[in-house]
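The structure under discussion appears below in the form of structure tokens.
The values are calculated or read from the model by the stated rules, or taken from the named source; none is laboratory data. Only a predicted model underlies this, so the values are computations on that prediction, with no experimental measurement involved. No Cβ is skipped: glycine too gets one built from the backbone with ideal geometry, and neighbour counts run over all protein chains shown.
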Amino acid sequence: MDRRFSLSLYVPESTPQKSASRLLVLVHGTSRVDWMRHCFREFSERTGTVLMAPLFPVGASDAHDVHGYKWIDTHGVRYDLLLLDMIDQAAATWAFAKDKFALFGFSGGGQFAHRFLYLHPKRLSALSICAPGNVTLPDPKRPWPAGVKGLEERFGISFDSEAVHAVPTHMAIGDADTETWEIAKSPDDPVYISRVNDLQTNRIARLQRLRDELRDRGSATLLDFVEGAAHDGPNVVPAVIRWMENSAVEDSDVSICWNPRSDWIPSRRCRISGSRQIRSLSNSLADDFGCHYAEIITPRDFTLQAVNVVKWHAWVPRGPSAGSFLYIRSGMAHPC
């Protein structure tokens, strides 16, 4: 690993005895203040998740470089590959699952995190993007860094749309995060997008646009607004933890029921494996049954995320009658 950079780990006492721990990577913002491991420590102990916090210091690749890591490559450093090297090095000592990991980034870290998604989606099990200052849209017609056109020429990696949109993605931002002085972009900036990365648009509107672009292309994406919070990382962490716990949908038997008039009629059984399959499953079932949208309901708390995902992403306006729904309940709880 490049000696100009460093990482810190938190390894919980509750690590699994018979399997590798999960890994959550925490990417800092511009200030580099180290609050993330403390905020996620209880989550780490409760779930047996190893925390990794890389440090991309100011001036590491150039004396005046503050923001380079956010853009993935600058001054000869590929920060995406650097992170993967850090993971390999740490995994040689600590037993955690390194091939797939969850990624969280706040502010500048949120910028890094969603751009990392475009380059290495198959390495991510979950992604949480919080309050990024500028966004790169998953638009193949816009050149990098406003969009993803030219990824292969620049990074040697083609944009894998299917893999990108298979990653369960969360976003969070304070509903008072409205300052623009630090993030304003003029029309001559490469990341400039009118009404997105411009002189007036705030982080909230930018993150909403990123959410909409990902959703429109098939991503299971949820955006949480944190009441009363401005640009403050620790205040968004509870929403992130809630989502990370809720999005861990395990393999489970489900019962598919057609409900045209509030009565349950069992139709078939199937099996889902993880939240990333919910959208494609519910869309295909909605097509089969001619209903308006599919909804996932199970008895465990984590299913709230699944409900949100499906309500937003499995909307199919082609049913034979208004008010027809498709319900998917766990085998333990369906009332059929």
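Rundown of residues vs (1) touching a Gly at 6+ places or on another chain (Cβ under 9 Å); (2) touching a residue at least 12 places away in the same chain (Cβ under 8 Å), yes/no style:
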position	(1), (2)
T15	yes, yes
L23	no, yes
H28	yes, yes
M36	yes, yes
R41	no, yes
R46	no, yes
H75	yes, yes
L82	no, yes
T93	no, no
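Could you tell me whether any residue of the stretch 32-44 is of a type outside the set (K, R) and farther than 21 Å from A131 by Cβ? Step through it out loud before you land on a result.
Step one: of the stretch 32-44, the residues of a type outside the set (K, R) are 33-36, 38-40, 42-44.
Subsequent filtering for residues that are farther than 21 Å from A131 by Cβ retains 42, 44.
The answer is yes, given that some residue of the stretch 32-44 is of a type outside the set (K, R) and farther than 21 Å from A131 by Cβ.
Name the residues in the stretch 3-29 that are surrounded by fewer than 17 Cβ atoms within 10 Å (Cβ to Cβ) and part of a loop (DSSP other than H, G, I, E, B), would you? Spell out the reasoning first.
Within the stretch 3-29, the first condition is being surrounded by fewer than 17 Cβ atoms within 10 Å (Cβ to Cβ), and the residues that meet it are 3-4, 6, 8-9, 13-14, 16-20.
Correct list: R3, R4, E13, S14, P16, Q17, K18, S19, A20.
Does at least one position in the stretch 171-181 carry a residue that is at negative phi, out of contact with any Gly (no Cβ under 7 Å at 6 or more places or on another chain), modelled with pLDDT under 95 and in a strand (DSSP E or B)?
no
Please report, ordered by residue number, the strands (runs of 3 or more DSSP E) entirely within the stretch 195-283 with at least 2 residues that are modelled with pLDDT of 95 or more. Before you say what the answer is, go through the steps one by one.
Numbers: elements: 221-226, 252-259, 265-272.
It comes to 221-226.
Please find, within the stretch 50-72, the residue that is surrounded by the most Cβ atoms within 10 Å (Cβ to Cβ) out of those that are touching a residue at least 40 places away in the same chain (Cβ under 8 Å) and farther than 21 Å from A131 by Cα.
Keep residues of the stretch 50-72 that are touching a residue at least 40 places away in the same chain (Cβ under 8 Å), which gives 50-57, 60-61, 67, 69-72.
Within this subset, residues satisfying the condition of being farther than 21 Å from A131 by Cα are 50, 60-61.
Values: V50: 24, A60: 20, S61: 19.
Ranking the qualifying residues of the stretch 50-72, first place goes to V50.
Given the residues L103, L137, L127, L117, which is the only one that is touching a Leu at 6+ places or on another chain (Cβ under 8 Å) and assigned to a helix (DSSP H, G or I)? Before you say what the answer is, go through the steps one by one.
Details: L103 fails: assigned to a helix (DSSP H, G or I); L137 fails: assigned to a helix (DSSP H, G or I); L127 fails: assigned to a helix (DSSP H, G or I).
So the residue among L103, L137, L127, L117 that is touching a Leu at 6+ places or on another chain (Cβ under 8 Å) and assigned to a helix (DSSP H, G or I) is L117.
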